[in-house]
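The values are calculated or read from the model by the stated rules, or taken from the named source; none is laboratory data. Computed from a prediction, not measured in an experiment: that's the story for all the values here. In this analysis, Cβ positions are derived from the backbone assuming ideal geometry, glycine residues included, and neighbour counts consider all displayed protein chains. Areas reflect the complete protein model, heavy atoms only, side chains present, ligands, DNA and RNA absent. Shrake-Rupley method; radii C 1.70, N 1.55, O 1.52, S 1.80 Å.
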Amino acid sequence: MKNYIENNIARFVHILRHLGIQVSILETLTSLQALVLVDIMNRDHVKMALSATLVKNHDQQVIFNQSFDSFFVAPEVKIKQNQEWKERQEEGLRLLEDAETDLAYKGETLDLTEEEMLYYAKLPEEEKRKIRDYLKASSAPDDRYDRFKPTLESQVRGSLRYWKQRLGEESTEYYPLHDPGVDDPALVSIVDELQEDSSILYEDMKRIGQQDLPKVTNILKHLSRKLATMISRRYKQSKKAVKLDLRRSIKANVRYGGIIFKLQYKQKRVQKPRILLFCDVSGSMSRYAAFVIQFIYGLSAVVKNIESFIFAEELEYVSSFFNERHSFEDTMVRLIGKSRTWGKGTNMGNALSALREKYPLLLTSDTVVIILSDTKTLDIDYAEEELTKLKRSVKDIIWLNTLPQSEWDNLASVQKYKRLSKMYECYTLAHLEKVIRKQFL
Amino acid sequence: MKRENLSSITIERLRQGFEKAGYIAEDDIIVPVYLALRLEKPILITGAPGVGKTEIAKVLASVFQTALIRLQCYEGLDENKALYEWNYQRQLIKIQLIKDTASEEMVEQDLFSRGYLLERPLLRAIQAQEKTVLLIDEIDKTDEEFEAFLFEVLSDFQVSIPEWGTIEANHIPMVVLTNNGERELSDGLKRRCVYLYIDFPTIEKELKIIKVKVPEVNDRLAEDIALAVHYMREQDFKKKPSISETLDLANALVLFDAKRLEEKHIKDTINLLLKDKEDIDLFYKELGPFGLVEMINKR
């Protein structure tokens, strides 16, 4: 029963679903019908048949290929994979237990995530000792320190984060631990492994390393293209109206003695919105520098006549850097080299005011302003005032906020600007994709 | 060409049919097409412009020696242009002609008869007396409303004309949908289709295509062209050269009586490969004709 083809296909579909490919029951059945039509002993044909019936766009193809290659393997490879996965899980559990013992305050384990605990376990012994010593020193039998645990947790967390940044991402390979009684280890191990591979979409953009930049550029380009086409379509749809033009019909039919013989239709002209990018490059946003430039670069490549501005203390017009179509690296070097404002403090009110005064012709009822910023600025009220004025003169303001949504409630700036724009959490590529998918435009 | 029978088609015979029709395809294309035909499902073909998506429909029509009915999609395409429309002008003339003589009921019956119906591609495909190939080209150019309407037609292969009732397809057509990926299609439509992604061909495949389509080109020149085009596609150009543009280049070089791809040929024909001024500027800036020839010779 276990190795029946139906069973294997169902398990394979299960993996695809876990990796984000939506497969309906109908598609699963169609894939089984397709397998009847091809030579089941021909691996390539089986792969093509499953791909043709289960994959629905090119982005999914890579995930499908990886899943297929990992799942449909020789039995001995599968046994080996299972064995490796089990060993990794056992090792992970052992490390977790050790970490829980080490990271305790007055005998009580600190409230850290599994990932943080496992990260601690992989630190060099010297660093682990420092953290342990610190915890030991803080655990003096003094009641005044009873409420100290959360502070301590946050200090340990900060220290782990510091080491994570310092030692780089490669030292943080993390395999989630599962219940030992999990039904199908093979399936879980493939999902874990492939999720790890495709995690670039979910990685905070400020942490993405140099080596992944080409991959990010491609994803951003693709997303920008989607965004660009959606922008034009949505506006086309909302204004679409093929209506009978009675006045022109009567006029055109006078020659037939007034009988309405030739009908004339009217349709509103499609107006594609003008996009204006307004990106924060102040000190607090500097970690997102690559993301900001990639975003403008990608969008400029697919949307014509896009106007791009960067701002920190003052406003800077940067469209020309992107219109020249140099390579991404060149553009980034030239832009950062020539920019007067890069990495300085933020005064969004000033920048918005300059935008309104110096570039009034760009702010029309067709303009959609996309702001990319963490909302942190000097003089929040001034920026709010300017944002209100901007809102009056443009079609829409879309705010891509690089701060996690969980932090929004604590910031007055977010609360104020959220009322004046459509604000979305956006610090990973997955967020950007989600925003675009939502078709907010 | 011998007419293929759909019920007895095999992967091998389909491949031969494609080859006879001059379409060089490997299993990655043949198998999904074969499955779509046998499962009687539409095939959704995506890929960059010019990789041969539309050509597949033409080849299918040629392999099965049947009519190709084409629905070219564009922004604003609606049911009237895709399914059917009453011939209003003709109806008005008729009303004027018989208003004094015929009864109201007779007029109405007559006015909604077949003679006054303008059949559009979808209805033509459904009413055809034999299995046809229905090509719905560049589906991504339509809007979502039309897409929703289309996947209803494609799932049941029947349409409803209020004056006539429901019309079922005589034969389920072989439906080919092409998509340039300008926007995401709805899940509903994608679920109903067999999916095929066509990438730009490899150097070897492009070489075969050049030799089949432009037999006058010698082997060395064909290789140069394939390498040059392959290199161009690796660059960050806005519009990458398609297969048809490769063939245009090959034909032009035949006219120039070229034996190898030389610097002067590239200068003279660069407009055939790159259709955007920015791309041409970028080409001259990054590599130029001399650099391209050097690169080809190295490889």
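Quick notes
- Members of region A:423-439 that are under 24 Å from A:Arg274 (Cβ atoms) and touching a helix residue (DSSP H, G or I) at 6+ places or on another chain (Cβ under 9 Å): A:Met423, A:Tyr424, A:Cys426, A:Leu432, A:Glu433, A:Val435, A:Ile436, A:Arg437, A:Gln439
- Qualifying residues in region B:131-142 (those that are open to solvent by less than 10 Å² (accessible area, probe 1.4 Å) and not β-branched (Val, Ile, Thr)) - the one nearest to the other protein chains (Cβ to nearest Cβ): B:Asp140
- Some residue of region B:62-75 being buried (at least 18 other Cβ atoms within 10 Å of the Cβ), at the interface with chain A (Cβ under 10 Å from one of its Cβ atoms) and not acidic (Asp, Glu): no
- Looking at region B:124-230, the strands (runs of 3 or more DSSP E) lying wholly inside it that each contain 2 or more residues that are more than 18 Å from the chain's Cα centre (by Cα) sit at B:158-161, B:165-168.
- Residues satisfying the stated conditions in region B:165-192, i.e. more than 14 Å from chain A (Cβ to nearest Cβ) and farther than 17 Å from B:Ala125 by Cβ: B:Gly165
Residues are listed down the side, and each one gets a yes or a no for (1) under 18 Å from A:Asp280 (Cα atoms); (2) open to solvent by less than 50 Å² (accessible area, probe 1.4 Å); (3) among the basic types (Lys, Arg):
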site	(1), (2), (3)
A:Leu390	yes, yes, no
A:Pro404	yes, yes, no
A:Asp409	no, no, no
A:Lys418	yes, no, yes
A:Leu429	yes, yes, no
A:Ile436	no, yes, no
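- Any chance A:Gln89 is in a helix (DSSP H, G or I), of a type outside the set (A, V, I, L, M) and open to solvent by 30 Å² or more (accessible area, probe 1.4 Å): no
- Selection from region B:1-56 of residues that are among the aliphatic types (A, V, I, L, M) and not in a helix (DSSP H, G or I): B:Met1, B:Ile9, B:Ala21, B:Ile24, B:Ala25, B:Ile43, B:Leu44, B:Ile45, B:Ala48, B:Val51
- Within region A:10-35, the set of residues being away from chain B (no Cβ under 14 Å) and buried (at least 20 other Cβ atoms within 10 Å of the Cβ) comprises A:Phe12, A:Ile15.
- First in region A:326-349 and within 19 Å of A:Arg287 (Cβ to Cβ), second anywhere and aliphatic (A, V, I, L, M), Cβ under 6 Å, 6 or more apart: A:Met332/A:Ile293; A:Thr341/A:Ala312; A:Trp342/A:Val281; A:Trp342/A:Ile336; A:Lys344/A:Ala312; A:Thr346/A:Ala312; A:Met348/A:Ala383
- Failed item in (1) within 13 Å of chain A (Cβ to nearest Cβ); (2) surrounded by 21 or more Cβ atoms within 10 Å (Cβ to Cβ), with B:Gly17 passing the rest: (1)
- A:Phe64 touching a helix residue (DSSP H, G or I) at 6+ places or on another chain (Cβ under 9 Å), within 14 Å of another protein chain (Cβ to nearest Cβ) and open to solvent by less than 70 Å² (accessible area, probe 1.4 Å): yes
- The listed residue being away from chain A (no Cβ under 11 Å), open to solvent by less than 80 Å² (accessible area, probe 1.4 Å) and touching a residue at least 60 places away in the same chain (Cβ under 8 Å), out of B:Ala57, B:Ala48: B:Ala57
- Residue in region B:149-162 that is within 14 Å of chain A (Cβ to nearest Cβ) and open to solvent by 50 Å² or more (accessible area, probe 1.4 Å) present: yes
- The residues of region B:199-208 that are touching a residue at least 60 places away in the same chain (Cβ under 8 Å) and more than 10 Å from chain A (Cβ to nearest Cβ), listed by number, are B:Phe200, B:Pro201, B:Lys205, B:Lys208.
- Any hit, region B:96-103, residues being at negative phi, open to solvent by less than 80 Å² (accessible area, probe 1.4 Å) and not in a loop (DSSP other than H, G, I, E, B): yes
- Listed by position, the helices (runs of 4 or more DSSP H) enclosed by region B:249-299 that each have at least 2 residues that are surrounded by fewer than 18 Cβ atoms within 10 Å (Cβ to Cβ) and within 32 Å of the chain's Cα centre (by Cα) are B:263-273, B:277-286.
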